[in-house]
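The values are calculated or read from the model by the stated rules, or taken from the named source; none is laboratory data. Predicted model, so just to flag it, every value in this text is computed and none were measured. Reconstructed Cβ throughout: ideal geometry from the backbone, glycine too, with neighbour counts over all protein chains shown.
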Amino acid sequence: MIRGPEISDHARNVLIAGDGDHAEKVTRAIENNRLSGRAVRGTVAAHLLRGAQGLSTLTATARREFAEEIIIATNDPEAARTAVRVAMRNQIDIHLAPEMYGLGTARVQLEDLGGMPILKVCRQLPEWSLAAKRIADVMLASAGLLALLRYSPLFRSLSNWTPLDPSFIVLRESDAKASASPATSSGP
């Protein structure tokens, strides 16, 4: 376990469950944002949370550091399950900091899919981009409407002229009666 710096008493004590770059990013984000009202009291590596000793290790650390929140910053399912169990047994708030795989500050919503929580990640486009897209849509639709109105008489005259000109015939059927044999009926 890595111990965090001493912070004022009014901040909520936080333990980070995880290790590696992602856990370090979460720790730095909390330390750089004094307005979050959190103080990182320590980090418990994911490998220490696996196995039978994981529950006792995290429970002892949470009690020793007076943890009020556990932030899960690992993709290790066994370590995450251990952190959730410890937090629920000790009535500690749980926060998930999932790895967003390069999505940065995309908007994330939590949805309920038949009792299974899923994260919905939405990219928020800038307002100028949405306005430019709308203007382009209106301009292209207007151009299409003007082209339809402008060339409508041409299309009408082509459709009227086509049946009159024999060179436009693509398929000419032969007379069905001339080539067919007489039909016989074997009815009752």
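Residue check: A143 meets all listed conditions (1) part of a loop (DSSP other than H, G, I, E, B); (2) of a type outside the set (D, E); (3) modelled with pLDDT of 80 or more but one, namely (1). Here N33 does not fit the description of being polar (S, T, N, Q) and touching a Lys or Arg at 6+ places or on another chain (Cβ under 6 Å).
Screening P98, P126 for residues that are modelled with pLDDT under 80 and farther than 30 Å from T74 by Cα leaves exactly one candidate, P126.
Any chance the stretch 154-172 includes a residue that's outside any helix (DSSP H, G or I) and at pLDDT 75 or above? For the stretch 154-172, residues outside any helix (DSSP H, G or I) and at pLDDT 75 or above: absent.
Of all residues in the stretch 41-98 being outside any loop (DSSP other than H, G, I, E, B) and polar (S, T, N, Q), which is farthest from A11 (Cα to Cα)?
Among those that are outside any loop (DSSP other than H, G, I, E, B) and polar (S, T, N, Q), it is Q53.
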